[in-house]
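The values are calculated or read from the model by the stated rules, or taken from the named source; none is laboratory data. All values reported here derive from a predicted model rather than from experimental measurement. Note that each Cβ is placed from the backbone with ideal geometry, even for glycine, and that neighbours are counted across all protein chains shown.
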Amino acid sequence: MTLPHILEAEKKAIVDRWFALILATYPADAAQFFRSGSSFTNPVGQSISQGIDDIFDGLLAGAEPETFRPFLDSIIRIRAVQDFTASQAVIFIFHLKTAIRERCLGRIRAEGMLQELLLMESRIDELAVMAFDIFMRCREKLYDLKANELKDRTLWLLKRTGFLTEVEDMPEQTAGCGTNVKQTKEVH
């Protein structure tokens, strides 16, 4: 028997425990909501559940690391827009190790498969690094969107109040780095 066979036999219990550990990272009322409902009434809970199921299947199948990117992305995008730090957002990957150990460590030891477990855990660590990269890209995008929105609102407000108007008949000037700058004029 191999480690993937043991994990496959315990898949439901491991994935259920992993899901419970992930939900424990949320406030109690949110966790309760994520446990219930369909993909229509609870898309966040369903995305997390489906994502971890796909990740687990991929690990059992020995899939290439890039195979996991869409599964991680669906979960990390959710956590990136929530009030999680980077470490809080990616900790869910490490919870898989906990779920596996809680359910199967005794049998893995008895079967002499600790080396296989360490290899599986190394693959899980690789997923955590990939998840961190995805999280950082999502957060950078969010910050860019927020900064652009603030800039646009400020410009709109300045124009609306008459403190800033565009001068149409003046040629664009170069700002020194080869970029063109539209001239604006303050109105007092």
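With respect to being assigned to a helix (DSSP H, G or I) and over 26 Å from F19 (Cα atoms), K97 falls outside the description. Of the residues contained in the stretch 59-79, none is found to be assigned by TED's automatic domain parsing to the domain that holds R107, of a type in the set (S, T, Y) and over 19 Å from the mean Cα position of the chain (by Cα). Here the stretch 100-117 is the region considered, the condition is being assigned to a helix (DSSP H, G or I) and of a type in the set (G, A, S), and the residue that is surrounded by the most Cβ atoms within 10 Å (Cβ to Cβ) is G106.
Exactly one residue among R79, R69 is modelled with pLDDT under 95 and closer than 20 Å to D125 by Cβ, and that residue is R79. Looking across the stretch 44-68, just one residue is outside any helix (DSSP H, G or I), free of Cβ contacts under 8 Å to residues at least 24 places away in the same chain and exposed (fewer than 14 other Cβ atoms within 10 Å of the Cβ), and that is E64.
Going by what's in this entry, would S122 be described as under 24 Å from E8 (Cα atoms), modelled with pLDDT under 95, of a type in the set (S, T, N, Q) and assigned to a helix (DSSP H, G or I)? Taking the combined requirement at face value, the residue does not satisfy it. Cβ-Cβ distances below 9 Å connect the following pairs, each with a first residue in the stretch 27-43 that is under 23 Å from Q88 (Cβ atoms), a second residue that is modelled with pLDDT under 80 and surrounded by 12 or more Cβ atoms within 10 Å (Cβ to Cβ), and a separation of six or more residues or different chains: P43/G37.
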